[in-house]
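Chemist: Before we start, here is the structure in question, set down as structure tokens.
Here, each number is a calculation from the coordinates, and none is a lab measurement. Here the structure is a predicted model, which is why all the values come from computation and not from measurement. Here the Cβ positions follow ideal geometry from the backbone for every residue, glycine too, while neighbour counts run over all protein chains shown.
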Amino acid sequence: MLVAGGAGFIGSHLCDQLIPTANVICVDNFLTGSEENIDLLLQHPNFKFLRHDLTAPLDLDKFAELEIFKVKFQGIQEIYNLACPTSPKEYNNLPIETLQANAAATYNLLEMAVKYRAKFLHASSSAIYGDPTDDQPIPESYWGFIDPVGPRSCYNEGKRFAESLVVNYGQHREVSVRLARIFNTYGPRMKLNDGRMIPDFVMHAVTGKPLVVYGSTAEVSTYCYVSDMVDGLIKLMEYDEGGIFNLGALDQKTIQAVAEMIIKLTAAQVGIESVGSLPYLSRQGLPDITKAKEVLGWFPLVPLEVGLKKTVDYFLAHKNMLGVGNN
């Protein structure tokens, strides 16, 4: 199977989970992914890494290292598409690249799915729903409320276009497709300084700085630990009927509560500051995962307190990432 964006946050955890039972071709251009995320996999006999920008077509026949997987004869059975920048700050820094990933890269991967008659899973996002109009959980049937030219439009509209592309390949090119609309996910290997709340909180806490909340500390969201999200993606790939599924956590927490948990876990003597919202940030919608529970038999298992501890422990074990000495 092929994992596009496999050196990224969720993609690398997905590769970890797939490796014991499958041959995995991981493709990434390191635009936002990291070699460190896949270092432990590079020597595994079931794992091959290709550094490639998927906005250009990928011809697997040209890679001699793939001969051991017999791709020329056996093809590829599954394609996971996680190839897209997902950092809020990158929407400003990499807007064209974000649009190209959702358009050109998704197209090239779908063409591979046609060639190999492979099942195709596209990692979409809750961003396709836009700004929530109320605090009710969002079902898959909701069409969304989006500014098509706003600060986040390269990502939000890019994901919406990619969904349309995937669905039309499913309808007109006989590709077995499925869409995972991923809600707020966290865990080890998240990037620092990319505008995501939890790693920003951890970095501030361990460096003795106040935790900064952009907007109201009373805002509510849900937080899905990465191992649960990966489990959901695999279950969705295994579901032969395909379709569109929300994947996210159910337990609602205020930002204030999350900040206080991280302060406790890091034993930091810092406060919490609320400032004005940033243009590339938006209020998180709440997922309705009824369909995933009933059809896929999937629901998140890792409590926030447990997942946050694992995340904090990871960052503390990589103090160089935080700019903290090891003394």
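Chemist: Can you tell me which residues in segment 19-39 are closer than 28 Å to E97 by Cα, assigned to a helix (DSSP H, G or I) and not charged (D, E, K, R)?
Modeler: N37, I38
Chemist: Which of the residues spanning segment 128-169 are under 21 Å from the mean Cα position of the chain (by Cα), of a type in the set (A, V, I, L, M) and farther than 21 Å from M237 by Cα?
Modeler: I138, I146, listed by residue number.
Chemist: Looking only at residues in segment 285-313 that are assigned to a helix (DSSP H, G or I) and in contact with a strand residue (DSSP E or B) (Cβ under 7 Å, 6 or more places away or on another chain), which one is farthest from P137 (Cα to Cα)?
Modeler: From segment 285-313, those assigned to a helix (DSSP H, G or I) are 290-296, 304-313; that's our starting set.
Filter once more, so that each one left must be in contact with a strand residue (DSSP E or B) (Cβ under 7 Å, 6 or more places away or on another chain): 291-292, 296, 304, 307, 311.
Details: K291: 12, A292: 14, L296: 19, L304: 19, G307: 22, T311: 26 Å.
Checking each candidate, the answer is T311.
Chemist: Right, F49: farther than 21 Å from S34 by Cβ, in contact with a helix residue (DSSP H, G or I) (Cβ under 7 Å, 6 or more places away or on another chain) and either buried (at least 20 other Cβ atoms within 10 Å of the Cβ) or touching a residue at least 40 places away in the same chain (Cβ under 8 Å) (or both) or not? Even if it seems obvious, please write down each step before you answer.
Modeler: Working: farther than 21 Å from S34 by Cβ: no; in contact with a helix residue (DSSP H, G or I) (Cβ under 7 Å, 6 or more places away or on another chain): yes; either buried (at least 20 other Cβ atoms within 10 Å of the Cβ) or touching a residue at least 40 places away in the same chain (Cβ under 8 Å) (or both): yes.
In short, no.
Chemist: Also: Specify the residue that is farthest from I10 (Cα to Cα); the eligible residues are those in segment 107-157 that are touching a residue at least 60 places away in the same chain (Cβ under 8 Å) and basic (K, R).
Modeler: Once the filter is applied, the top-ranked residue is R152.
Chemist: Being buried (at least 17 other Cβ atoms within 10 Å of the Cβ), farther than 14 Å from C154 by Cβ and of a type outside the set (A, V, I, L, M): is that true of N37 here? Steps first, answer last, please.
Modeler: Working: buried (at least 17 other Cβ atoms within 10 Å of the Cβ): yes; farther than 14 Å from C154 by Cβ: yes; of a type outside the set (A, V, I, L, M): yes.
For N37, the condition - buried (at least 17 other Cβ atoms within 10 Å of the Cβ), farther than 14 Å from C154 by Cβ and of a type outside the set (A, V, I, L, M) - is met.
Chemist: While we're here: Return the residues of segment 1-18 that are assigned to a loop (DSSP other than H, G, I, E, B) and either buried (at least 24 other Cβ atoms within 10 Å of the Cβ) or without any contact (Cβ under 8 Å) to a residue 24 or more places away in the chain (or both); say none if nothing qualifies.
Modeler: We begin by selecting, within segment 1-18, every residue assigned to a loop (DSSP other than H, G, I, E, B); these are 1, 5-8.
Across segment 1-18, the qualifying residues are G5, G6, A7, G8.
Chemist: Within segment 52-65, work out how many residues are surrounded by 11 or more Cβ atoms within 10 Å (Cβ to Cβ) and within 19 Å of V114 (Cβ to Cβ). It would help to see each step written out before you state the result.
Modeler: Narrowing segment 52-65 to residues surrounded by 11 or more Cβ atoms within 10 Å (Cβ to Cβ): 52-58, 60, 63.
Imposing the further condition that a residue be within 19 Å of V114 (Cβ to Cβ) reduces the set to 52, 54-58, 60.
Summing the residues that are surrounded by 11 or more Cβ atoms within 10 Å (Cβ to Cβ) and within 19 Å of V114 (Cβ to Cβ) in segment 52-65 gives 7.
Chemist: Name the residue, out of V226, V270, V230, that is in contact (Cβ under 8 Å) with a residue 40 or more places away in the chain and farther than 30 Å from T21 by Cβ.
Modeler: Values: V226 fails: farther than 30 Å from T21 by Cβ; V230 fails: farther than 30 Å from T21 by Cβ.
After ruling out the rest, the residue left standing is V270.
Chemist: Right, here's the next one. Within segment 213-262, can you find the residues that are polar (S, T, N, Q), buried (at least 17 other Cβ atoms within 10 Å of the Cβ) and assigned to a strand (DSSP E or B)?
Modeler: S221, T222, N246
Chemist: Quick one: is K191 touching a Phe, Trp or Tyr at 6+ places or on another chain (Cβ under 9 Å), within 16 Å of F315 (Cα to Cα) and not in a strand (DSSP E or B)?
Modeler: Values: touching a Phe, Trp or Tyr at 6+ places or on another chain (Cβ under 9 Å): yes; within 16 Å of F315 (Cα to Cα): yes; not in a strand (DSSP E or B): yes.
It is true that K191 is touching a Phe, Trp or Tyr at 6+ places or on another chain (Cβ under 9 Å), within 16 Å of F315 (Cα to Cα) and not in a strand (DSSP E or B).
Chemist: Could you tell me which residue of segment 95-128 is nearest to G170 (Cα to Cα), considering only residues that are of a type in the set (F, W, Y) and surrounded by fewer than 24 Cβ atoms within 10 Å (Cβ to Cβ)? Explain how you work it out, then say what you get.
Modeler: Of segment 95-128, the ones of a type in the set (F, W, Y) are 107, 116, 120.
From the residues that got through so far, the ones that are surrounded by fewer than 24 Cβ atoms within 10 Å (Cβ to Cβ) too are 107, 116.
Numbers: Y107: 12, Y116: 14 Å.
For segment 95-128, the residue satisfying everything is Y107.
Chemist: Step by step: first the residues of segment 73-87, then only those that are over 11 Å from the mean Cα position of the chain (by Cα) and in contact (Cβ under 8 Å) with a residue 24 or more places away in the chain, then the one that is farthest from S153 (Cα to Cα). Which residue is that? Steps first, please.
Modeler: Going residue by residue through segment 73-87, those that are over 11 Å from the mean Cα position of the chain (by Cα) are 73-80.
Subset that is in contact (Cβ under 8 Å) with a residue 24 or more places away in the chain: 75-80.
On the way: G75: 36, I76: 33, Q77: 33, E78: 29, I79: 26, Y80: 24 Å.
Among those residues, the one meeting the criterion is G75.
Chemist: Against the condition at positive phi and either in contact with a helix residue (DSSP H, G or I) (Cβ under 6 Å, 6 or more places away or on another chain) or exposed (fewer than 15 other Cβ atoms within 10 Å of the Cβ) (or both), how does A267 come out, does it pass?
Modeler: yes
Chemist: Moving on. Scanning segment 20-34 for residues that are farther than 14 Å from A105 by Cα and polar (S, T, N, Q), which turns out surrounded by the fewest Cβ atoms within 10 Å (Cβ to Cβ)?
Modeler: In this case the residue turns out to be T21.
Chemist: If you scan segment 137-156, which residues turn out to be surrounded by 21 or more Cβ atoms within 10 Å (Cβ to Cβ), part of a helix (DSSP H, G or I) and not hydrophobic (A, V, I, L, M, F, W, C)?
Modeler: Y155, N156
Chemist: Turning to a different aspect of this structure: Return the pairs, sorted by first residue and then second, in which the second residue is of a type in the set (S, T, Y) and part of a helix (DSSP H, G or I), the first residue lies in segment 162-178 and is more than 15 Å from S125 (Cβ to Cβ) and touching a residue at least 60 places away in the same chain (Cβ under 8 Å), the beta carbons are less than 8 Å apart, and the residues are 6+ apart or on different chains.
Modeler: Every condition considered, the pairs that remain are V175/Y169; V177/Y169.
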